[in-house]
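As structure tokens, the structure follows; a few thoughts come after it.
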Amino acid sequence: MTERDSQRSALYAAERLVHNVFERSASGANVLAIAGATVTLPPEARFGSVDSVRDYVDRVLGMESVADRFARARTPVTVRTRRGQTQAHYEYDPGGGPGVIAVPVATHGRWAMRELVVLHELAHHLSPGSALDKHGPRFAGTLIDLVGLVLGPEAALVYRVTFGDSGIRVG
């Protein structure tokens, strides 16, 4: 019996809001007033190839702060092309082995070749119980923590406030 991924569509909608904030930031509006604080958002990486995503994932998993926070950071992740699709996805190995992140590289899927999308897929790998939790509270908490470790506390704040305002449960 599989559990329903009840928070999925709400989480995706909240992430679209976060992505829009980062897109505006890239065009020069990188200072943001949020939750009573003024923050400067970091730039978001964009990737030109699967190899560059693979290198990025390896570097993130190799960060001492990520390895200290997430036990599965020591488990490798393979990155591959996802042909004919417009979405990235994560393939969980129920045996605890390496996971797989698949990213579209076709023109219509290029939007997924961005840092926030890759961190979302990597959060699936790092989240405890990710096979059952899917986009649930533990996943949402893992994503916020990962974004904070990689992009900084300002980016994590944007996620935390947006998720809170969107009713996303965070564990």
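The values are calculated or read from the model by the stated rules, or taken from the named source; none is laboratory data. Because the structure is a prediction, the values reported are computed rather than measured. Note: ideal-geometry Cβ built from the backbone for every residue, glycine included; neighbour counts use all protein chains shown. Note: accessible area is taken over every heavy atom of the protein model, side chains too, but ligands, DNA and RNA are not part of it. Shrake-Rupley method; radii C 1.70, N 1.55, O 1.52, S 1.80 Å.
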Practice problem: For Cα extents along the principal axes in Å, several values are listed as (i) 64, 30, 28; (ii) 70, 39, 30; (iii) 44, 34, 32; flag the one computed from this structure. | Solution: (iii)
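What ranking, highest mean first, results for peptides 70-78, 140-148 when packing means the other Cβ atoms within 10 Å averaged over each residue? Mind showing how you got there, number by number?
On the way: 70-78: 16.0, 140-148: 22.7.
Descending mean neighbour count gives 140-148, 70-78.
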Self-check item: Protection-proxy order for peptides 6-13, 26-33, 132-139, each taking the mean of Cβ atoms within 10 Å per residue, highest first
Solution: 132-139, 6-13, 26-33
Exercise. Whole number in Å², please: accessible area per residue of the chain, 1.4 Å probe, ligands, DNA and RNA not counted.
Key: 49 Å²
Quiz prompt | Considering only the chain, percent of DSSP beta bridges that pair antiparallel, nearest 5 | solution = 60 percent
Quiz item: For the range 33-167, which whole-number percentage of the solvent-accessible area (1.4 Å probe, protein heavy atoms only) is attributable to carbon and sulfur atoms?
Solution: 52 percent
Self-check item: Length-normalised contact order of the range 39-171 in % [C-alpha pairs under 8 Å, at least 6 apart]
Solution: 23 percent
Practice problem: Quick one: grab the alpha carbon gyration tensor of the range 83-171, order the square roots of its eigenvalues as a ≥ b ≥ c, and give me rounded if a/c is under 1.5, else prolate or oblate depending on whether a/b is larger than b/c. | Solution: oblate
